[in-house]
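This report refers to the structure that appears directly beneath it.
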Amino acid sequence: MRQVHIVGNWKMNQTTSEVDTFFKELGDLSEVSAQAWIAPQAIHLDRLLKFPQIKCGAQNCAQNDSGAFTGELSPKSLKDIGAHFTLVGHSERRSIYKESDELLNAKTLKALENDLVVIFCVGETLEQREANQVETVLKSQLENGLRGLNSTHIGKVIIAYEPVWAIGTGKVATPEQAQQAHKYTRSVLESIDGFSAQETIILYGGSVKPDNIKGLLSNEDIDGALVGGASLKGQSFKDLCTQAQ
Ligand code: PGA
């Protein structure tokens, strides 16, 4: 049985007082059965660790444990302060910071070596969808980014399918489009070492809101959501978790 996961990606948002307001609004999650995770800006990780009902993680991490890498975030230090997971390969990292498949693969392996769960993000642009390249893009991102994993990594990597055209645009994929991509993703995982495809959690991301999450999650291969904008307010995040039951 794959457990539903709702993961908030706060991106470069939230001041300390906004974080405190978020948790005031969020209140108690003990009635919620979904896993509730948040990736805040790294400067807020320590603050989020005070709220044990949420597991927190990073939006990105380096491919090295330590050294002369100014501005980077060490996976070893993330583990050390109590982070549970890290995102790798979010489309904003791929497009704005030009992170290659090779670099994302190195980051994934290093995060896993440090016992962090990796949420590995994949997804096609609108241009690629219109050119019928969804499957080719997903296959190549998955195979190249997840090279070198082995049986010790089973259960440690979550996949997030995030069509780039749906991120922050209000244009959510239809449940059918999302299910089709998730089913295909699961079929690709069958042939990648380090995965038990049927047990792998695959999240959908891209304009998920409390009023569309149910339709997405009613599909067999959609196990949760990676949510940006709608995860910033405590009430909205709670609604997402409740709707996901
Ligand atoms: P969005 O972002 O929910 O604001 O579309 C999703 C993401 O980038 O992970």
Could you say whether any residue in region 24-41 is surrounded by 13 or more Cβ atoms within 10 Å (Cβ to Cβ), free of Cβ contacts under 8 Å to residues at least 60 places away in the same chain and out of contact with any Cys (no Cβ under 9 Å at 6 or more places or on another chain)? yes
Please identify the pairs in which a residue from region 204-219 that is under 12 Å from ALA244 (Cβ atoms) has its Cβ atom under 6 Å from the Cβ atom of a residue that is in a loop (DSSP other than H, G, I, E, B) and β-branched (Val, Ile, Thr), counting only partners at least 6 apart or on another chain. TYR204/ILE222; ASN212/VAL172; LEU216/ILE222
Out of the residues in region 172-208 that are under 23 Å from LYS55 (Cβ atoms) and surrounded by fewer than 17 Cβ atoms within 10 Å (Cβ to Cβ), state the one that is farthest from the ligand (Cβ to nearest atom). SER196
Do we find a residue being away from the ligand (no atom under 16 Å from the Cβ), at negative phi and in contact with a strand residue (DSSP E or B) (Cβ under 6 Å, 6 or more places away or on another chain) anywhere in region 147-154? no
Top-ranked residue of region 217-245 - restricted to ones that are surrounded by fewer than 17 Cβ atoms within 10 Å (Cβ to Cβ) and within 15 Å of the ligand (Cβ to nearest atom), ranked as nearest to SER33 (Cα to Cα): ASP239
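Coordinate-derived values only; no laboratory data. Worth saying up front: this structure is predicted, and the values here are computed from it rather than measured. Cβ coordinates were reconstructed from backbone atoms using ideal geometry, including for glycine residues, and neighbour counts include every protein chain displayed.
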